[in-house]
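Pasting a structure below so you can have a look.
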Amino acid sequence: MNKNAIIVTSVGLVIGIAEALLYYNLGQSAGGKFSYKIPPTKEFLKTVGVVMVTSILTAGISGLIESRMQEEKRQTA
């Protein structure tokens with residue numbers, strides 16, 4: 001995994017967890033006053049796992065697209 005992939009994965013993980021927690025809390029407070037809390041440990045760890053997988057996939061796909069674009073650029077130069 002190169003440096004860019006690690007950065008994309010890390011940023012995706014942090015933003016993804018923040019987004020998941022926001023959605024969790026919006027769902028918990030539906031129809032009532034918004035409050036912030038972290039889900040039970042088991043649920044939170046499942047959420048982190050899903051976000052981690054999607055962050056790794058995003059970094060991998062982004063890396064593939066970037067390398068293909070650079071390859072095409074070299075071929076046309």
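The values are calculated or read from the model by the stated rules, or taken from the named source; none is laboratory data. Remember, it's a predicted structure, so these values are computed and weren't measured experimentally. As a convention, Cβ positions derive from the backbone with ideal geometry for all residues, glycine included, and neighbour counts pool all protein chains shown.
Taking into account only those residues within segment 22-52 that are part of a helix (DSSP H, G or I) and aliphatic (A, V, I, L, M), which is farthest from V8 (Cα to Cα)?
That would be L26.
Turning to a different aspect of this structure: What residue, of A59, A20, A30, A5, is surrounded by fewer than 12 Cβ atoms within 10 Å (Cβ to Cβ) and among the small types (G, A, S)?
Checking each option against the conditions leaves just A30.
Within segment 31-39, does at least one residue satisfy the condition of being among the hydrophobic types (A, V, I, L, M, F, W, C) and touching a helix residue (DSSP H, G or I) at 6+ places or on another chain (Cβ under 9 Å)?
Checking segment 31-39: at least one residue is among the hydrophobic types (A, V, I, L, M, F, W, C) and touching a helix residue (DSSP H, G or I) at 6+ places or on another chain (Cβ under 9 Å).
For the structure I just gave you, tell me whether S55 is closer than 30 Å to N2 by Cβ, in a helix (DSSP H, G or I) and either of a type in the set (K, R) or over 10 Å from the mean Cα position of the chain (by Cα) (or both).
no
If you scan segment 1-13, which residues turn out to be touching a helix residue (DSSP H, G or I) at 6+ places or on another chain (Cβ under 9 Å) and assigned to a helix (DSSP H, G or I)?
N4, A5, I6, I7, V8, T9, S10, V11, G12, L13
Consider S67 carefully, then state whether it is surrounded by 13 or more Cβ atoms within 10 Å (Cβ to Cβ), assigned to a helix (DSSP H, G or I) and either more than 10 Å from the chain's Cα centre (by Cα) or modelled with pLDDT under 90 (or both).
Taking the combined requirement at face value, the residue does not satisfy it.
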